[in-house]
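Notes follow the structure.
The values are calculated or read from the model by the stated rules, or taken from the named source; none is laboratory data. Here the structure is a predicted model, which is why all the values come from computation and not from measurement. Here the Cβ positions follow ideal geometry from the backbone for every residue, glycine too, while neighbour counts run over all protein chains shown. Ligands, DNA and RNA are excluded from the accessible area calculation, which covers all protein heavy atoms including side chains. Shrake-Rupley method; radii C 1.70, N 1.55, O 1.52, S 1.80 Å.
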Amino acid sequence: INVPPSRSHYTGVLTLKQVPSESVCEDAKEYWLVQDHAYKLYHIVDGQQRLTTFVIFLQAYVDFVRSLPENHGKPDSEIYVAGTLSAAAVQKKYLFELKPPEEQFRTYIFGYTDDNPSYDFMRYRVLGETGAGTIQETFYTLNLSNAKRFFTEQLQKWYQQEGLIGLQTLYRTLTKQFLFNEYIIKDEFDVFVAFETMNNRGKKLSSLELLKNRLIYLTTLYTDDELDRAGRANLRNLINDAWKEVYHQLGRNKAKPLNDDDFLRAHWIMYFKYSRKKGNDYIRNLLDEVFTPKRVHKKVAQPVELEKAEEQSVQQQDDVDQVEQEAEDLELEESTVAEPVKSAALQPNQIRDYVLSLKASSVHWFSSFYPELAGELTRQECEWLQRLNRLGMAYFRPLVMAVLKSKEDPAQRVRVLREMERLIFILFRLTKLRSNYLSSVFNNMVRQVDRNETTLSEVADHLREESKWATNEDGSLWIDDFYNLLSKKFDEGTGYYSWSALRYFLYEYELSLLSETRHKKVDWSDLLTTPKDKISIEHIYPQSDPAAWKPAFKGIKKKMRENYRNSLGNLLLLSSAINSSLQNDSFAEKKQPKTGRDGQKLRNGYSDGSHSEIEVAQCSDWGPAEIHDRGLRLLRFMEKRWDFHFADDESRESLLFIEAPSGSDDEEAD
């Protein structure tokens, strides 16, 4: 739209690598065009995104013109999209050719390779080919879908504004005034280096994309003795297949795709080593130290086992002589390796093993985020993974991936997940420990699990042992940190209401009230998606101190009333959001559903709410005694649920930050 009629727009360099005609297989869809119609086949090294955009634009353009009322029922050869140029002619020139006779199939002028995860979506959903069947949709296909939707809507608005003449002007501008500088790479060994170099300028590709290109490039550097032609093709196919699976898993939930770099770093921790460094330390290690051309070119001596005679000798008299003798033996062994076999420091099988591990791990990485969508997990595994996601996994997700990948019994995996959840709750929700406390210990354990150098039982035992940091000598929970954390919050006027684990804790309490005869009334997502004027956690005794509540709290000073409002026993998980304007009702009103003048229910009452609400609704009144008793009940649930105990009743009382009801008639302080 913005390109003047007399000007052209420079669209950048289009970098290509020609595929020799003799290399095009007879069963390839491009074969008939290359052999019979003098077409040339190219791989696109740089420019794929631009060409994809242009093709989607043209397809949307043809589809839109075809949809105009005057074109209904007409064949493409009689629908004119620009002057005397028909829709069929545009498709033939820019989109696809139809294989004669009888238009057997389409061969696309520009398209993805078969191993691209978006290949089928591009053909059937974007370019309109028929006979699709089931099409896998991911975050990456969502980008293609959104692009076509964007162009279609823009064309509609432009047509309403400028008419058919305006549309035809757009077509001519795109096809006549957008200019590429075409560059053909001649040396096949240069193509991968060129790709990597070009995409390190401007907008960089993801580390995952660069790593794939590097691995494929390395396969071209081996000698035929190290990797023959068939082995080279097999390894490249393996890399492409692995990345296809990785991208599928990362984009499997198209509404919430997983981050490439997070997965790559987690796998690096599992496969190579853990580093405390942040940022791009992992990709620097992968591209600059592990998978480098130098490690392919550098030939190292491989040990050759020689037959040796073992002499009987007098036992050495002292340790010094023994150490010297061992050193001499080692020197002798090294000197006897004559004419060593030379091979690359980075072997093809090392690339193969890494790629297979990356592919397999991507499945479990996805499962760690979305266990309910992973069909291979047991019900208990799914439930504990969901708990970890609600609570926050901290730095444990790489370890979770390794645990799920383990071939051990599912019951052992569940035990690790359970102990992990317990440690996170006790150490990071009830204390002030740094969020990276013990991260080195457990991140180093990730590799041990993946290599079967430790058992899941040992991991679970270690998790349990480390949680003892928060206990006293008698085994009771050390509450000083938790008390100080809450004390600050009560001083600020928020108390338990601003405790980071409150929603998780109350949700777990709600789940504990379920039974075979009770159905689930609250979903975790309800606690995360409530609008701004709705709440999911309610103060039973309201924050605004309305008149209806004054008798129940008569004689209690203002500061202590605030503590009662924000004490654990006064906070309630709701089954459905309640409008904030209704929260000042009396306790009796809160227990019953509330309806408007038209009889429509405005909100549930406690009596027909969550199981936690129903439990509270059993009380005839609500005041200091009820808040106190429910607070103690919730703390005892905490002890049972996370398998620890407080030292005594005094410790529990102190964590409520309220006074036990005394019935004092002291004058109320306003």
Checklist outcome for this item: Between the modelled labels at Gln543 and Gln448 (7 Å from Cα along Cα→Cβ) the distance in nm is 4.6
Next on the checklist: So if I take the centroid of the Cα atoms in the range 583-608 and the same for the range 65-82, what is the distance between those two points in Å?
Outcome noted: 60
Item to check | Asp461 paired with Ala38, simple spin-label distance in nm, labels 7 Å along Cα-to-beta-carbon | outcome: 7.8
Checklist entry - Highest mean first, what order results for 397-408, 362-373 on Cβ atoms within 10 Å? => result 397-408, 362-373
Next on the checklist: Along each principal axis of its Cα atoms, how long is the range 1-136 end to end? Whole angstroms, biggest number first, please.
Outcome noted: 45, 39, 34
Next on the checklist: Apply the a/c threshold of 1.5 to the C-alpha gyration tensor of the range 51-197 and tell me whether it is rounded, prolate or oblate.
Outcome noted: prolate
Checklist entry - Using a 1.4 Å probe on the protein chains only, how many percent of the accessible area of the chain belongs to carbon and sulfur? => result 48
Checklist entry - Could you work out the helix-only [θ] at 222 nm for the chain, with each DSSP H run of four or more residues adding -39,500 (n - 2.57) and the total divided by the number of residues, to the nearest 500 deg cm²/dmol? => result -14000 deg cm²/dmol
Checklist entry - Roughly speaking, what is the stretch gain from Lys594 to Thr84, that is 0.36 nm per residue apart minus the C-alpha to C-alpha distance, in nm to one decimal? => result 176.7 nm
Checklist outcome for this item: Per the charge dipole of the range 203-250 (beta-carbon charges, Lys/Arg positive, Asp/Glu negative, Cα centre), the residue among Thr219, Asn237, His248 reaching farthest to the positive end is His248
Next on the checklist: Along the Cα→Cβ direction, 7 angstrom out, place labels at Lys559 and Lys294. What is the inter-label distance in nm?
Outcome noted: 6.6
Item to check | Computed over the range 12-69, Kirkwood Rh from alpha-carbon pairs, angstrom | outcome: 13.7
Item to check | Spread of Cα-to-Cα distances over 10 Å intervals beginning at zero, given as percent, for the chain | outcome: 2, 11, 16, 17, 15, 14, 12, 8, 3, 1, 0
Next on the checklist: Need the full-extension length gain, Asp409 to Glu659, defined as separation in residues times 0.36 nm minus the C-alpha distance. One decimal, nm.
Outcome noted: 85.1 nm
Checklist entry - Just for the Cα atoms in the range 470-519, what are the lengths along the principal axes, largest first, rounded to whole Å? => result 40, 34, 11
Checklist outcome for this item: the chain accessible area per residue, 1.4 Å probe, protein heavy atoms, integer Å², reads 54
Checklist entry - Rounded to the nearest 0.05, what FRET efficiency do Glu153 and Ala28 have when you use their Cβ-Cβ distance and R0 = 35 Å? => result 0.45
Next on the checklist: Placing unit charges on C-beta atoms (Lys and Arg positive, Asp and Glu negative, everything else neutral), compute the dipole magnitude of the range 382-474 about its Cα centre in debye, rounded to 20.
Outcome noted: 460
